[in-house]
Amino acid sequence: MTGAAREVHIEVVLLAPTARGLSYRVVRAPLPARAAPDEHAIGLAGLVDGRPGAVCHSTSWRTEDELVVLTYAATPDPSPQQAAPLDEPSVICSQDPLRPRPLHVHAHHVAAHAARHLAFLADHDPTVQEALQQVPELLARLHALAATVPVAPHGLAHALARTR
């Protein structure tokens, strides 16, 4: 596929607070031709304008074989009962400063990265801050994760997450 355009998928990590931390659910679909990525992500997430805490923000991108995956973090999850707990969260990194893509990326790593990104935005982006202040329990869980989540290469990240 050298030289040809790559197909783009939009992946949305929906986050919700739980009694112990956060839950996450991932929805994903190809980006239709001429569709706006933000609007497609909002539609996949099932978010409604004006809903307290409604945030949809691009957090990262990666390649998977011949695909480009654009990831968004979104809150609140309209179907948290379908979500998985974000137990032992960890953010993985590469061991090569010139090639930042880790070799193995799992959904829970993407979710932890998305949650940490939203916590950063809640502190530094006034629009996201205003939205997330409407859901204090979620905001507290995002900040708690961001303050303690280990960042390391894959195997070490998992080991550190188990000891947190």
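Read-outs throughout are calculated quantities, based only on the coordinates presented, and are distinct from any laboratory measurement. Predicted model only: the values in this text are computed from it and were never measured. Cβ sites come from the backbone with ideal geometry, for glycine too, and all protein chains shown count toward neighbours.
The table below gives the values:
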| quantity | calculated |
| --- | --- |
| Taking N as its residue count, the alpha carbon Rg of region 1-119 over 2.2 N^0.38 Å | 1.09 |
| Highest-fluctuation residue, GLY21, GLY53, GLY43 considered, GNM on the chain with Cα pairs under 10 Å | GLY43 |
| Hz values of 3J(HN,Hα) by residue in region 54-67 - Karplus curve (6.51, -1.76, 1.60), Gly and Pro given as x | 5, 9, 9, 9, 5, 10, 5, 9, 7, 9, 9, 6, 9, 9 |
| Cβ-based exposure ranking for VAL128, VAL48, VAL26, in which fewest neighbours within 10 Å come first | VAL48, VAL26, VAL128 |
| Ranked list, fewest to most other Cβ atoms within 10 Å of each Cβ, for THR71, THR148 | THR148, THR71 |
| Placed amide H near LEU86: partners under 5 Å, 5+ positions off or other chain | LEU22, SER23, TYR24 |
| Average Cα contact separation per residue, the chain, under 8 Å, 6 or more apart, as relative contact order % | 25 percent |
| Max mean-square fluctuation residue, GNM over the chain, Cα-Cα springs under 10 Å, options ALA41, ALA83, ALA16 | ALA83 |
